[in-house]
Protein chains: 2
Amino acid sequence: MATLATVAAAAGVSRQTVSNALNSPELLRPDTLERVQRAIERLGYTPNRAARNLRTRTSHLVGLRLEPAVEGSASGLMDRFLHSLVESTREAGLHVLLFTPEDVNNPLDGYDALLRSAAVDAFVVTDTYRGNPQAAWLEARQVPFVAFGRPWEDPQACFPWVDVDGRAGVRLAVDHLADKGHERIAWVGWQKSSYIGEDRRNGWLDRMHERELPTTRLSARGEDTIEFGRRAAHALLEGEHPTAFVCVSDTVAMGVLQALVDLGRRAAADDVAVVGFDDSLAAQVTGLTSVRQPLEEIAVQIVRLLEDRLAMRTSDEQNIILTPELRVRDTS
Amino acid sequence: MATLATVAAAAGVSRQTVSNALNSPELLRPDTLERVQRAIERLGYTPNRAARNLRTRTSHLVGLRLEPAVEGSASGLMDRFLHSLVESTREAGLHVLLFTPEDVNNPLDGYDALLRSAAVDAFVVTDTYRGNPQAAWLEARQVPFVAFGRPWEDPQACFPWVDVDGRAGVRLAVDHLADKGHERIAWVGWQKSSYIGEDRRNGWLDRMHERELPTTRLSARGEDTIEFGRRAAHALLEGEHPTAFVCVSDTVAMGVLQALVDLGRRAAADDVAVVGFDDSLAAQVTGLTSVRQPLEEIAVQIVRLLEDRLAMRTSDEQNIILTPELRVRDTS
DNA sequence: TGGCAGGTTTGGAACGATCCAGAGCGAGGT
DNA sequence: ACCTCGCTCTGGATCGTTCCAAACCTGCCA
């Protein structure tokens, strides 16, 4: 295997000159640079990562902890996000290293080991919703990291994050339905204790109030299951006879769709309209209109913040909120 | 940051002794070992990965190339597989490094760079279905790797792989339906050019013949889209009036379900039964009975073969075929 | 002609671990 | 008393790169 020394010998220069040819080519005289580059080319040389990592005390690796996926929930967001993240990191000369905790219930497990062994330079933190001890922990240790998700529980928290404006996403959904003539638009959401759930619900309230549409007895809250969506839809339909449903998630929306099937109604623009949230595979496959998170853009922004952080640059704006878009399909 | 030397000084031994305490504790006298371990504990020492990698010429990283996900296909297999793989690698002291190609159309892109920079020790290769130049390429370079998927195009190929017995999976599905009394069981599959598709279809043929059930005009083949599933179901229903459908994928099955909705029929055990393949999120969410690939077990086996390969052990059986199971839900 | 500033190039040291050959030491055999 | 053996432990060399300070040019100016 070719090393710096091999190349140096072949080009008739010193090791350091070869190193400079790669890292600071502007230091070399053009003809030397050319000669070295040819030698590199000829020998098929690629710098050894381990040696470079050791010397520079960097790894160009970004750690991402995979959280256990919830079977049966419609999402599958992670898949799309991962792709985008890996793509963005590649363009930044970084790589994504995955890890899982030994102890799933310890939100900090895994970070420490990677950090102390200098295996990664930084982290991307997801699932900040159930409190974010990781963020505080990493912050305290001055570890570079960027979060996907706001610190809901601690709005003062001062670390870089990127998030989606769920509230605006739901406003889009309500606008869409109201523009189609719907007036009795129901909300099917999560428990009050969910920050994300309440944020999205506020989007519904925003527009319903703005358009002076009724909201009383048109809102249901429960867990993120198909079963809840189904029950909620039955109850709402018996009560205020909504003509449209905006749901906090695709999972819940799937339940609403089932309720419509139960009752022999059609989920469509001209009967009962339904909108979900996440643009999951289930939505794509069942033709459910849904709010789509711009995961590609999120990944790009996360990597941008990460680069700033790694370069010790403090970015002007280190908290970024992106607006989702509505994917209109058969159910509305 | 604590290093070997720091710990050695603290424990009053040489660097090498500390190194041995970690890597070959059986070489040390118990009391020395104890003393060193206490020093390690006290100083919170963790070996530096870069240094270890450099010296041992290993990285304990496994590369996995993320292939572009097909939007709109129901799968989402990768998500589940990744989780399991990361979990299994962790137990083996390895980590998963993700990468994507710059040029998506070049199936080899990305491998070379990681390899030459000694960034990874091995690869896990997926998507071997469209020919497997990666496998041949890696094999030629004697790079340790394990494939998820058989070398369909070159059954002679001699490298370790793990795959799912799709044929057996479909046999399960047909058995299930036939046991429920169905006799006119249709097949909705992929084009003849798909090895995987034909393999699964053979499972259908196996059981239909064995049980002396009719197969003529009960089979359709096309692409992996909802639209195809829908059209195929309409055509089949008009023709031979099947009472059950076995589908090559959940995506196609979703189309079949839609066709039933079109016709006002119910997908259920007592009307028209439908079975999909992959146990995707869409299946879980819509209550579609489906054949589930044992991805957890696949990951375990892949890592086992990988360990053998990395240790230069030649495993007795380096080709493993696992049998999927049937997840019975509402549609059958 | 000598000194000096600038751009180029160089060689030694360092990063933190493991490999390897050999030193120290007590027990057992002759 | 001497030698050998096996168990522990040690110190120097090494992996391949980058940092750092100094050496080397070359042309310019006094």
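Spin-label point model (7 Å from Cα, Cβ direction): what's the B:S193 to B:D262 distance in nm?
2.5 nm
Can you list residues from other chains, or at least 5 along the same chain, whose modelled amide H is less than 5 Å from the amide H of B:A273?
Here B:A244, B:F245, B:A268 satisfy the definition.
Provide the per-residue ³J(HN,Hα) series for the stretch B:231-242, in order, calculated from phi with Karplus coefficients 6.51, -1.76, 1.60 and θ = phi - 60°, each as a whole number of Hz, with x at glycine and proline positions.
4, 4, 5, 4, 4, 5, 5, 5, x, 8, 6, x
Once phi is turned into θ = phi - 60°, what whole-Hz ³J(HN,Hα) does the Karplus curve with 6.51, -1.76 and 1.60 give for every residue of the stretch A:51-60, x standing for Gly and Pro?
Working through the residues one at a time gives 5, 4, 4, 4, 5, 8, 6, 9, 10, 6 Hz.
Filter the GluC sites (Glu not before Pro) in the stretch A:7-112 down to the DSSP loop ones having no more than 14 other Cβ atoms within 10 Å, then list what survives.
A:E71, A:E102
Can you list residues whose amide H is under 5 Å from A:L322's amide H, if they're 5+ apart or on another chain and H is modeled 1.01 Å from N?
A:D163, A:V164, A:D165
State, to one decimal in nm and shortest first, how far the label point of A:T215 sits from each corresponding label point in the other identical copies (label point: 7 angstrom along Cα-to-Cβ).
Copy-to-copy label distances at A:T215, shortest first: 6.0 nm.
Using a Cα-Cα cut-off of under 12 Å, which aspartates and glutamates could be cross-linked to B:K180, ignoring same-chain neighbours fewer than 8 residues away?
Cα-Cα hits under 12 Å: B:D270, B:D271.
What angle, in degrees between 0 and 90 and rounded to the nearest 10, separates the Cα long axis of helix A:195-210 from the longest principal axis of the Cα atoms of chain A?
50 degrees
Using the 2.2 N^0.38 Å rule of thumb for compact globular proteins, work out how the protein assembly as shown stacks up: its C-alpha Rg over that value, please.
For the protein assembly as shown, the normalised Cα radius of gyration is 1.08.
If you restrict to DSSP beta bridges whose two residues both lie in the protein assembly as shown, what percentage is antiparallel, to the nearest 5? Don't jump to the answer; show the numbers that get you there.
Numbers: 9 of 73 bridges.
Antiparallel bridges: around 10 percent, rounded to the nearest 5.
What net charge is computed for the residues neighbouring B:V328, neighbours being all others with C-beta under 13 Å from the C-beta of B:V328, Lys and Arg scored +1, Asp and Glu -1?
-1
From the phi angles alone, apply the Karplus equation (6.51, -1.76, 1.60; θ = phi - 60°) to the stretch B:212-221 and give each ³J(HN,Hα) in whole Hz, x where the residue is Gly or Pro.
6, 9, x, 10, 5, 6, 10, 10, 10, 10
Arrange A:E183, B:E307, B:E238 by Cβ neighbour counts within 10 Å, fewest through most, would you?
Final ranking by Cβ density, sparse to dense: B:E238, A:E183, B:E307.
7 Å along Cα→Cβ for the label point: how many nanometres lie between A:T6 and each equivalent label in the other copies, listed shortest first?
3.6
Between A:A92 and B:E227, with labels modelled 7 Å along Cα→Cβ, what's the label distance in nm to one decimal, could you check?
3.8 nm
Quick one: among B:P101, B:P133, B:P155, which has the greatest mean-square fluctuation in a GNM of chain B with alpha-carbon springs under 10 angstrom?
For chain B, modelled as a Gaussian network with Cα springs under 10 Å, the answer is B:P155.
Ignore the peptide's own chain and count Cβ atoms of other chains within 10 Å of each Cβ in A:293-306; give me the average, rounded. Before the final figure, lay out the partial values.
Numbers: counts 0, 0, 0, 0, 0, 0, 0, 0, 0, 0, 0, 0, 0, 0.
Counting other chains' Cβ atoms within 10 Å and averaging over A:293-306 gives 0.
Rounded to whole Å and sorted largest first, list the principal axis extents of the Cα atoms in chain A.
The Cα atoms of chain A stretch 85, 37, 35 Å along the principal axes, largest first.
Which angle from 0 to 90°, rounded to the nearest 10, does the C-alpha axis of helix B:30-43 make with the longest principal axis of chain B?
So the inclination is approximately 80 degrees.
To one decimal in nm, how far is B:S193 from the same spot in the other copies, if labels go 7 Å from Cα toward Cβ? Please give the shortest first.
Label point to label point, same position, other copies: 5.4 nm.
Once the Cα atoms of the stretch A:166-292 are picked out, what are the Rg and Dmax in Å?
12.6, 35
Take every Cα pair under 8 Å in chain A that's 6+ residues apart, average their separations, divide by the length, and report that relative contact order as a whole percent.
Normalised by residue count, the contact order of chain A is 16 percent.
How do A:S14, A:S249, A:S88 line up, fewest other C-beta atoms within 10 Å first?
Fewest to most other Cβ atoms nearby, the residues stand as A:S14, A:S88, A:S249.
For B:L28, A:L263, B:L218, what ranking results if the residue with the fewest other Cβ atoms within 10 Å of its Cβ goes first?
Lowest count first: A:L263, B:L28, B:L218.
To the nearest 500 deg cm²/dmol, what mean residue ellipticity at 222 nm is calculated for the protein assembly as shown from DSSP H runs of n ≥ 4 alone, each contributing -39,500 (n - 2.57), summed and divided by the residues?
Computed mean residue ellipticity for the protein assembly as shown: -13500 deg cm²/dmol.
Once Rh for the stretch B:4-47 is found with the Kirkwood sum over Cα pairs, what is the Stokes-Einstein diffusion coefficient at 4 °C and 1.567 mPa s, in µm²/s?
132 µm²/s
Read-outs: derived from the displayed coordinates by stated rules, not from any lab. This is a predicted model, so every value here is computed, not measured. Virtual Cβ from ideal backbone geometry, glycine too; neighbours counted across all protein chains shown.
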